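Following: one structure in structure tokens, then a few remarks.
Just so you know, all these numbers are worked out from the coordinates, no wet-lab data involved. Since this is a predicted model, take the numbers as computed values, not measurements. Cβ atoms come from the backbone with ideal geometry, glycine included; neighbour counts cover every protein chain shown.
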2 protein chains.
Amino acid sequence: MANSEREAISELTTGRLSVYLRCLTFLETQGQRTVSSHELAERFHLNSAQIRKDLACFGEFGTRGVGYDVSRLKSNLVETLGIDRTRNIVIVGAGNLGMALADYSGFNTNGFHIVALLDADPDKIGRSSRADIPVLPWERRAELVRRNRIEIGIIAVPAESAQAVYDALADAGIQAVLNFAPIQIKMRDHVKVKSVDLRINLESLSFHLKNREDGVIV
Amino acid sequence: MANSEREAISELTTGRLSVYLRCLTFLETQGQRTVSSHELAERFHLNSAQIRKDLACFGEFGTRGVGYDVSRLKSNLVETLGIDRTRNIVIVGAGNLGMALADYSGFNTNGFHIVALLDADPDKIGRSSRADIPVLPWERRAELVRRNRIEIGIIAVPAESAQAVYDALADAGIQAVLNFAPIQIKMRDHVKVKSVDLRINLESLSFHLKNREDGVIV
DNA sequence: GCATGTGAATGGATTCACAGCT
DNA sequence: AGCTGTGAATCCATTCACATGC
């Protein structure tokens, strides 16, 4: 079937591609050359049919009777996910969360590069994160995005300002946004948002604890 | 139908309960007394049938012909989610992410309280976050959990140590874990884990950008 | 009349199971 | 023999549409 023409790939599928990529990277560091969907499934608690089906959306990467070549599949996934070149990022909001994200290792390696933080608070301008990512004035966003070919914006401001920040980033030419504010962003046609709501995860754990207390089966 | 006996509530449903709670809290601050599933759906981009179905799992909270009483529904949700009393939390790993999470407002209000951070690095012990949450030695985990009735652990250590930290927390009597390390934790029967993988979200945006470049429809 | 609560219908995603290749 | 790639079967979630009750 392979790819091209059609879009029909769910977010669930692409999320799993990222997981597979992690697994392969690990196997590669272990020096493993080849892996079957079955072995992947066992080692990383996945489902082998699902692995095969997910991969099959993008091409025929395996060899029947053998399995997948670890390095080759890995680079196919890197390409499929579009991280075979570096994408530049700006973080809006130089509070605790923004600063921590700026130095978060997963955000500054293998295809992503955080160029700067932006903040409207004059007291924060001119500082920088521990890893030396500078805090620049919010007003300079358009210039920054243009000059540094920034494609992704991360919103780490309070909920009240999040929508306005999104709109301003979109106007500045940002193409995709990762939102940490606990609010449903009203999306424009060409600027994709993905939201991460950290508190929801805690509440879900709390729900689980509560049910255990009440003697519900699981 | 209501609740009791059976468990059958999906995580998707409980996640939405959290969302509804946010919406209701907002409406309450706006002074609104009553709301219909239809209005909720319109204002917050949800689906009204789904709202009704989700709520119906836990009781009959509405009044036909009228809708839901905002405050009453809100406190029903608070109770359903088990955040009508405070649950204590410890964060393991006093690096950038751990420190930021310790001060993250969503984690220290309305049902959650972060007691301390734990770290194995002697240089970090004795410090505290900006909001004054102390960093204690990893060895004191069991005592800390017992003395402070800590129910939830947050893992903010590198991937290599995450599984060991999970196991140690479980041994110390922790009941639920929120994991930020990019690894699939092997779960024990009685200690629930929820994992948040921040990088996956970026990769998903990258995938989207890549497809746009390649001219795929969306 | 109006909005809830819910069975029935639809739509997706996951899993099964096997044909086909190496 | 072994493992991929995939149609068919199953499972789960969402949406529809209406009977029920205020």
Are there any strands (runs of 3 or more DSSP E) wholly within segment B:125-207 with 1 or more residues that are in contact (Cβ under 8 Å) with a residue 40 or more places away in the chain and within 20 Å of the chain's Cα centre (by Cα), and if so which?
B:150-155
Could you tell me whether any residue of segment B:19-30 is buried (at least 20 other Cβ atoms within 10 Å of the Cβ), under 18 Å from A:GLN184 (Cβ atoms) and within 11 Å of DNA strand C (Cβ to nearest atom)?
no
Those residues of segment B:41-92 that are more than 10 Å from DNA strand C (Cβ to nearest atom) and more than 14 Å from every other protein chain (Cβ to nearest Cβ) come to a total of 6
Within segment B:49-69, restricting attention to residues that are within 8 Å of DNA strand D (Cβ to nearest atom) and under 23 Å from the mean Cα position of the chain (by Cα), which residue is surrounded by the most Cβ atoms within 10 Å (Cβ to Cβ)?
B:ASP54
Taking B:ARG72 as meeting all but one of (1) more than 12 Å from DNA strand D (Cβ to nearest atom); (2) assigned to a helix (DSSP H, G or I); (3) within 25 Å of A:VAL196 (Cα to Cα), write down the number of the exception.
(3)
For residues that are in a loop (DSSP other than H, G, I, E, B) and either β-branched (Val, Ile, Thr) or at negative phi (or both), scanning just segment A:34-48, find the one that is farthest from DNA strand D (Cβ to nearest atom).
A:LEU46
Only one residue in B:GLY31, B:GLY15, B:GLY82 is without any contact (Cβ under 8 Å) to a residue 60 or more places away in the chain, farther than 30 Å from B:ALA142 by Cβ and outside any helix (DSSP H, G or I). Which one?
B:GLY31
Of the numbered conditions (1) in contact with a Leu (Cβ under 6 Å, 6 or more places away or on another chain); (2) within 25 Å of A:GLN184 (Cα to Cα), A:VAL165 satisfies every one except a single condition; which is it?
(1)
Of the candidates A:ASN110, A:ASN96, the one satisfying the condition of being free of Cβ contacts under 8 Å to residues at least 60 places away in the same chain, closer than 19 Å to B:HIS208 by Cβ and not hydroxyl-bearing (Ser, Thr, Tyr) is A:ASN110
